[in-house]
Amino acid sequence: MFCALSLYALILVGQPGIYSEGDIEIQNLYMDAQSAKFKGDTDKQIELLKKLIAKSPQSDGAFYELARAFYTKNDLEQARKYGEKALGLNPDNVWYAVAMTEIYEKSTQYEDAMVLLRKLIQQDQANDTFYYRLAYNLLKSRNPEEAVNVLENLEKIKGISEESTKRKFEILSKTGKSDAAVEALRQLCHAYPDEVSYLSNLAIYLDDLGHKEESDAVFRQILELDPDHAAANIALVTRKNDKKNKTGFLEGFDAIVQNMSIPLDDKIKEIIPFIATMKGRGDRQSLFLDTISTQLVRLYPNEAKTHALRGDVLYNMGDVENSEKSYANAIERNDNIFSVWEQWLKTLWELGQYQKLAAQAENALDLFPNKFGCYFMYGVVLVETGKFDEAMYILEEATLVSGSLRENIILLNIAQALLSVRNGDNKKALKYIADLNLQEI
């Protein structure tokens, strides 16, 4: 932005120290316009700047401020008009040129923006921003090849950088030039051979392209620099033990579990898909998951997520009693995860521990006052324990937070039908069952 002193030099007329009455009036108009700008009164600012220009029509700084004011109002036509006037009066002013590129870009006048950006690059060949903006405008003009050339010209002047490589890579990969995209990543790795994150990006992209051997070679290079690198360790274990062979993969996963330098979240992310496909107790997949989840609890005893994971494994193995204990342990360490509460309440219901369920469902309501599942579980357990009036109230509250979701309405009909039966009102229960049948159609 122009500073006030710089703008004075452009607006005021006359020699230093010699001010006419007109000069002072122009100065006051400028100060009032700046005051309006800082107050957010753009309309007033525009009004005052127009008065200033009427008195000093060669004040390019005032035209610039007026262009920015109209740009703020998203009046691009007026912004362009006054911005071009400022630039015409002072064609070498960088600030005016930069402002006009913004206006042209937003007006989708990319060719006009590129003319100014090329001129700006000639004035300052080491300014990264001008190259990036020119490349952007070339992309918007559907000229990706030239955009890459612009970025490569920048690299010839300043060397390869993460930002220039990122922009080149995005253009090349999105335009189907995967070989050139790989080469861009390789050049960055060559320029910074000890930067593991750059090698990781290259390995992952090669893997995505199906170049497994090349990808593995890069991952091994990463492990030479950082033996505990999570992605590299997991990738090589995954490759060695194909995920399609679930038991083989899990059997080889022990090294990952035991490696404390690999983040817990990365370990869990690899395990979760296998939990979802468990078939109960006894098969090898379940046995390996049982062992892995036990190890994770032992290695991370204070992490709620390991206890929750253990609970999921036990539940899918049919061991509801011990899964309930694991969920309780998870919530003891972190009571702010609703999905764990939901599973815990479900296990308490299946175990018939209604008194404990009622107490914990009420606690869950305090923590998650807008969650339908808390109201539903609390409502049905109140029905089951004979507290019908309280159950009626809670189920009415559940209706308010149900969000009119079909699955929630079905559950509410079931709960209301159960409440009606327990109250001895079979006719009302049949009505809810009829409504339930309609919902299920």
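List of remarks:
- Entries of Lys37/Lys73; Lys346/Lys431; Lys387/Lys428 with Cα pairs more than 20 Å apart: Lys346/Lys431
- Distances between placed amide hydrogens fall under 5 Å for Ile262 paired with no residue 5 or more residues away or on another chain.
- Rel. contact order, % - alpha carbon contacts under 8 angstrom, at least six apart, the chain: 5 percent
- Pairs of Cα atoms nearer than 8 Å and 6+ residues apart set the relative contact order; for the range 43-146 it is 17 percent.
- Unit charges at the beta carbon, dipole of the chain: most positive-side option, Asn127, Leu405, Gln221: Leu405
- Answer label for Cα Rg over 2.2 N^0.38 Å (calculated), chosen among [x] 0.97; [y] 1.02; [z] 1.52: [z]
- Exceeding the 21 Å Cα-Cα cut-off - candidates Lys85/Lys119; Lys279/Lys371; Lys325/Lys356; Lys106/Lys168; Lys269/Lys371: Lys279/Lys371; Lys106/Lys168; Lys269/Lys371
- Within the accessible surface of the range 277-360, defined with a 1.4 Å probe on protein heavy atoms only, the carbon and sulfur portion equals 47 percent.
- Linear extension gain, Glu195 paired with Thr175, 0.36 nm per residue minus alpha-carbon span: 4.5 nm
- What the chain shows is 53 Å² of accessible area per residue, with the surface traced by a 1.4 Å probe over protein heavy atoms.
- Within the straight-line cut-off of under 17 Å between alpha carbons, none of the lysines are reachable from Lys427, sequence neighbours fewer than 8 places apart in one chain being disregarded.
- Between the range 96-154 and the range 390-437, the alpha-carbon center distance in angstrom: 63 Å
- Karplus (6.51, -1.76, 1.60) ³J(HN,Hα), θ = phi - 60°, over the range 170-179, in Hz, Gly and Pro reported as x: 4, 5, 5, 5, 6, 9, x, 9, 5, 5
- Among the chymotrypsin sites (Phe, Trp or Tyr not before Pro) in the range 270-335, none is located in a DSSP loop while being surrounded by at most 16 other Cβ atoms within 10 Å of its own Cβ.
- When the solvent-accessible area of the range 121-209 is split by element, carbon and sulfur atoms take up 45 percent of it, the probe being 1.4 Å.
- Loop-located trypsin sites (Lys or Arg not before Pro) across the range 274-317 with a Cβ neighbour count of 15 or fewer within 10 Å are Lys279, Arg281, with loop assigned by DSSP.
- Loop sites in the range 138-171: trypsin sites (Lys or Arg not before Pro), DSSP, at most 13 other Cβ within 10 Å: Arg142
- A Förster radius of 45 Å combined with the Cβ-Cβ distance from Asn302 to Glu77 puts the calculated FRET efficiency at roughly 0.15.
The values are calculated or read from the model by the stated rules, or taken from the named source; none is laboratory data. Predicted model only: the values in this text are computed from it and were never measured. All Cβ positions, glycine included, derive from the backbone under ideal geometry; neighbour counts span all protein chains shown. Note: accessible area is taken over every heavy atom of the protein model, side chains too, but ligands, DNA and RNA are not part of it. Shrake-Rupley method; radii C 1.70, N 1.55, O 1.52, S 1.80 Å.
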